[in-house]
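Participant: Quick one: the structure is below, questions incoming.
What follows is calculated from the coordinates using simple rules that are stated; it is not laboratory data. Everything numeric in this text was worked out from a predicted model, so none of it was measured. Quick reminder, even Gly has a Cβ in these numbers, built from the backbone with ideal geometry, and neighbours come from all protein chains shown.
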């Protein structure tokens, strides 16, 4: 296992990068998708799409998915960090954060939430509550949208790309 930066260079302990690995049980590739296989398996190394770091003792820590990372004003913003704050609010059952286009910053965080009970809090009240608690200004959410349910995969995972699509429609997006 290795942790690599965007240029494919190994990172030091504590630095966040993509987790890659190889071994005897590595998948041979995607079925009938050589294009995806060539992007995922490079020189025998499987690029997981997960971001993480290794500490000084060699323990691996997962940070987020590479495709979900928001780049706001040149700063990497991890949606998971913001989601962990949002779900601390007693009115929130689930949260999904993703980047939306922003003229000044490139992208800015946007939150979509499912409430534990309808009308428990307004979007602007929740936005203000979250923005008072995030660790840095670049983690502040631009806005909050309340929905009854998230689009989900057959495995039950939230489909952030579906939530993100309307904001990036017609733009150079990372959907």
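Participant: Need the full-extension length gain, residue 57 to residue 27, defined as separation in residues times 0.36 nm minus the C-alpha distance. One decimal, nm.
Facilitator: Using 0.36 nm per residue and subtracting the Cα-Cα distance, I get 8.0 nm.
Participant: Kirkwood-based Rg over Rh for the range 69-168 (C-alpha set), two decimals?
Facilitator: Checking Rg against Rh, the ratio lands at 0.95.
Participant: Given a Förster distance of 30 Å, report the FRET efficiency between residue 118 and residue 39 from their Cβ-Cβ distance, rounded to the nearest 0.05.
Facilitator: Between residue 118 and residue 39 the formula returns 0.10.
Participant: When 71, 20, 134, 113 are ordered from fewest to most other Cβ atoms inside 10 Å of their Cβ, what list results?
Facilitator: Sorted ascending by nearby Cβ count, the order is 71, 134, 20, 113.
Participant: As a check on your grasp of the helix formula, calculate [θ] at 222 nm for the chain: sum -39500 (n - 2.57) over DSSP H runs of n ≥ 4, divide by the residue count, round to the nearest 500.
Facilitator: Result for the chain: -5000 deg cm²/dmol, rounded to the nearest 500.
Participant: So, one more: If you split all Cα-Cα distances of the range 1-160 into 10 Å bins from zero, what percentages do you get per bin, shortest first?
Facilitator: Values per bin, smallest distances first: 10, 31, 32, 21, 7, 0.
Participant: Under the 0.36 nm per residue contour assumption, what length would be gained going from the current alpha-carbon distance of residue 87 and residue 171 to full extension?
Facilitator: 27.2 nm
Participant: In which sequence would 27, 69 go, from the one with the fewest C-beta neighbours within 10 Å to the one with the most?
Facilitator: Neighbour counts put them in this order, fewest first: 27, 69.
Participant: Over the Cα atoms of the range 2-66, compute the convex hull volume and normalise it per residue, giving Å³.
Facilitator: Measuring per residue, one finds 91 Å³ for the Cα hull of the range 2-66.
Participant: OK, next. Would you mind ranking 78, 167 by Cβ crowding within 10 Å, fewest neighbours first?
Facilitator: In increasing order of surrounding Cβ atoms, one gets 167, 78.
Participant: What is the percent of Cα-Cα separations in the range 48-91 that go past 17 Å?
Facilitator: 47 percent
Participant: Right, next: Among 152, 161, 140, determine the one that fluctuates most according to a GNM of the chain built with springs between C-alpha atoms less than 10 Å apart.
Facilitator: Looking only at 152, 161, 140, the largest GNM fluctuation is found for 152.
Participant: Build a GNM of the chain with springs between Cα atoms under 10 Å: which of 90, 24, 101 gets the top mean-square fluctuation?
Facilitator: The residue with the greatest mean-square fluctuation here is 24.
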